[in-house]
Amino acid sequence: MDTHPTHRTEQTHRTEPGPQTPASPQTEPNPQIRHLRDLYDRQLRREARPDGPGCRVERVGDVVRQTGPAHAWNGVLWSGLDAPGCDGAIAEQIAYYRAADLSFEWKLFAHDTPADLGERLLAAGFTPEDPETLMVAEAAALPHDVPLPEGVELRAVTDEAGIRQVVEVHERAFGSDSGDIGRQLLDRLAADPETVTAVVALAAGEPVSAARLELCSGTDFAGLWGGGTVEGWRGRGLYRALVSHRARIAAERGHRYVHVDAAETSRPILRRLGFLTLSTTTPYTYGG
């Protein structure tokens, strides 16, 4: 999910799960990709900030993790492990979140070490979800004038009624309970509205598509999350319009790049818009 918390992947609709395969190392990237990936890792993973009220981020040894309320995203954002200490570090995180009575996610990227970290997480009892593709583009370089289908308008989400519409779209598009996403969005709009913006597309008053933008203060990045369109409205350009709308806001707020954890359904659209692939990421979940 557009994808940190609960499930944050960017996808146009729900897809049937395919075979679960751990992220695997990729060939050496070109200098531009390496620079962007290193910048992403430093600003959004190693130096991550809490992404909601009641959350805290801490570095414990070679692991950076977030802990918050049960409805927030809890999990490992970054790790710099070596083979000798890896299994012990995994066991420590399991013990930590178990003591807090929280399920959690280990967000594994293809370039993380050691190379067999995914296999070690599997052996420790984690469950892999569908792999996603980390994609990045310069916000100002993306098209900012993508037209909407006739009769559709975009409306900023600023209150509980708007959040209910976002949750409705997510549940219709993805076929899963999105109540936690609604609570996270409500928390952030109430506590720090400058860090998040959400938008819903309405057709004759009916919510048919929705997405949010998370603005990472003090970084070059803004994140595209939760982009979804209900069946019957797919293939009409709504997803492209929502990406364009959010990229324009990110550029206006001073963020050079927008990033996406893209599902299979979103990758071709984003590639055509000019997004670059930096890595792949597989969410490994434990508990819940």
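Overview of values
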read-out: Selected residue [among the small types (Gly, Ala, Ser) and either surrounded by fewer than 21 Cβ atoms within 10 Å (Cβ to Cβ) or modelled with pLDDT under 90 (or both)] from 75, 18; value: 18
read-out: Any hit, segment 24-38, residues being modelled with pLDDT under 95, over 20 Å from residue 185 (Cα atoms), assigned to a loop (DSSP other than H, G, I, E, B) and open to solvent by less than 50 Å² (accessible area, probe 1.4 Å); value: yes
read-out: Tabulated pairs, segment 120-141, first farther than 19 Å from residue 44 by Cβ, second at pLDDT 95 or above and among the polar types (S, T, N, Q), C-beta under 7 angstrom, 6+ apart or interchain; value: 126/285; 127/285; 128/282; 129/282; 129/285
read-out: Qualifying positions in segment 223-238 - over 16 Å from residue 133 (Cα atoms) and open to solvent by less than 10 Å² (accessible area, probe 1.4 Å); value: 228, 229, 230, 238
read-out: Pick from segment 46-70, criterion of a type outside the set (D, E, K, R) and surrounded by fewer than 18 Cβ atoms within 10 Å (Cβ to Cβ), ranking: farthest from residue 195 (Cα to Cα); value: 61
read-out: Residue within segment 82-101 that is more than 23 Å from residue 249 (Cβ to Cβ), part of a loop (DSSP other than H, G, I, E, B) and open to solvent by less than 50 Å² (accessible area, probe 1.4 Å) present; value: yes
read-out: Residue in segment 62-80 that is acidic (Asp, Glu) and farther than 25 Å from residue 261 by Cα present; value: no
read-out: Test for residue 251: is it farther than 26 Å from residue 148 by Cα, open to solvent by 20 Å² or more (accessible area, probe 1.4 Å), in a helix (DSSP H, G or I) and of a type in the set (A, V, I, L, M); value: no
read-out: Criterion: at pLDDT 95 or above and more than 13 Å from residue 242 (Cα to Cα) - qualifying residue of 210, 141; value: 141
read-out: Filter result (within 17 Å of the chain's Cα centre (by Cα), part of a loop (DSSP other than H, G, I, E, B) and modelled with pLDDT of 95 or more) within segment 256-288; value: 275
read-out: Residues of segment 167-178 satisfying the condition of being modelled with pLDDT of 90 or more and within 17 Å of residue 71 (Cα to Cα); value: 167, 170, 171
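The values are calculated or read from the model by the stated rules, or taken from the named source; none is laboratory data. Values in this document were obtained by computation on a predicted structure and should not be read as measured data. Reconstructed Cβ throughout: ideal geometry from the backbone, glycine too, with neighbour counts over all protein chains shown. Only protein heavy atoms, including side chains, enter the accessible area calculation; ligands, DNA and RNA are left aside. Shrake-Rupley method; radii C 1.70, N 1.55, O 1.52, S 1.80 Å.
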